[in-house]
Amino acid sequence: MADRVAVEASRLRGKVAIVTASTQGIGFGIARRLGLEGASVVVSSRKQKNVDEAVASLKSLGIDAFGVVCHVSDASQRQNLMQKTVDKYGRIDILVSNAASNPSVDTLVEISDKALDKLWEVNVKATVQVIQAAAPHLSEGSSIVLISSIAGYNPSAGLAMYSVAKTALLGLTKALAMELAPKTRVNGVAPGFVPTHFASYLTENEAIRSGIESQTLLKRLGTVDDMGAAVAFLVSSDASYITGETIVVAGGIQSRL
Ligand code: NAP
């Protein structure tokens, strides 16, 4: 796990960062890494208890953390997240859109309208809406990262429509980068397989897990720290000439040419 000793960089000192869906898993790993690099971090998710626990955990590492409940599909909660952040810190320098849902493992010819709607609502539409709510408060030189997936490049069996929604985020990254330049850079991170609650039905099955590991060149699953490190790079000045790109962080799983 990343800690203050291992992460000596202070690239993000003085920055204000919001990470959606950040009370566990990859979102929490990203929030922790941004905080360890000096950012003030606003964590959020649907449940107050989870928000409180995440804030306490980050504060125990010496991170300036603040929490606001926000279901990304709820307009008033999105506004509240941005307003509370601006009331406390005055602006938004970094926004990481990490929330996603995978309501079905049905094939494309069998998936229900309800599951299709939810995939659109949470994974694509709410991503745009979170950025709309943040836009008036984004500072000059600010940075947005959208969390896509390796599945956005290679649709996985049982994850077909989820994969397509993640492909949409690759296009959204480019479209937003064009609209928001030069004030705000917009990039993406496409994680490989990371053993979180979300992916537990894959990574806790020994046969599936070893099948995934053998698909990677590095012969292991990803970690939340791998994802936090990639996001920290993209939002830092080290990536100041990068916008509209998605970095695949998947241990070498085939993604493109
Ligand atoms: P996770 O460990 O299950 O964590 C999900 C987090 O999201 C929790 O903090 C949860 O807290 C919050 N959340 C869920 N629905 C939400 C909503 N509608 N609004 C706001 N917060 C919500 O999941 P994860 O694996 O870290 O996944 C994070 C992102 O990485 C997703 O975009 C996923 O598609 C992507 N990803 C994951 C993998 C992987 O292998 N794990 C691979 C590629 C991409 P509450 O329950 O309190 O809301």
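Data for the structure
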item	result
Helices (runs of 4 or more DSSP H) enclosed by region 194-236 - at least 1 residues per element that are farther than 28 Å from LEU34 by Cβ and aliphatic (A, V, I, L, M)	206-215
Unique residue being more than 12 Å from the ligand (Cβ to nearest atom) and either of a type outside the set (Phe, Trp, Tyr) or under 19 Å from ALA21 (Cβ atoms) (or both) when the list is LEU169, LEU221, LEU217	LEU217
Qualifying positions in region 180-204 - within 15 Å of the chain's Cα centre (by Cα), open to solvent by less than 20 Å² (accessible area, probe 1.4 Å) and modelled with pLDDT under 95	ALA199
For ALA2: the one exception among (1) at pLDDT 95 or above; (2) within 22 Å of ASP225 (Cβ to Cβ); (3) not hydroxyl-bearing (Ser, Thr, Tyr)	(1)
Residue list for region 205-222, restricted to those being open to solvent by 60 Å² or more (accessible area, probe 1.4 Å), in contact with a helix residue (DSSP H, G or I) (Cβ under 9 Å, 6 or more places away or on another chain) and at pLDDT 95 or above	LYS219, ARG220
Where THR173 falls short, out of the listed (1) among the hydroxyl-bearing types (Ser, Thr, Tyr); (2) open to solvent by 10 Å² or more (accessible area, probe 1.4 Å); (3) assigned to a helix (DSSP H, G or I)	(2)
Scope region 134-156; condition surrounded by 21 or more Cβ atoms within 10 Å (Cβ to Cβ) and either part of a helix (DSSP H, G or I) or within 13 Å of the ligand (Cβ to nearest atom) (or both); matching residues	ALA134, VAL145, LEU146, ILE147, SER148, SER149, ILE150, ALA151, GLY152
Pairs with Cβ under 7 Å, 6+ apart, first in region 188-209 and under 10 Å from VAL224 (Cα atoms), second more than 8 Å from the ligand (Cβ to nearest atom) and open to solvent by 30 Å² or more (accessible area, probe 1.4 Å)	PRO191/VAL249; VAL194/THR223
Which numbered condition LYS118 fails, given (1) under 23 Å from ASP74 (Cα atoms); (2) touching a residue at least 40 places away in the same chain (Cβ under 8 Å)	(2)
Residue match in region 175-189 (condition: in contact with a strand residue (DSSP E or B) (Cβ under 8 Å, 6 or more places away or on another chain), near the ligand (Cβ under 10 Å from one of its atoms) and more than 26 Å from SER10 (Cα to Cα))	no
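The values are calculated or read from the model by the stated rules, or taken from the named source; none is laboratory data. If you're wondering where the values come from, they're calculated on a predicted model, not measured in any experiment. We place every Cβ from the backbone using ideal geometry, glycine too, and count neighbours over all the protein chains shown. Surface areas here come from the heavy atoms of the whole protein model, side chains and all, with no ligands, DNA or RNA. Shrake-Rupley method; radii C 1.70, N 1.55, O 1.52, S 1.80 Å.
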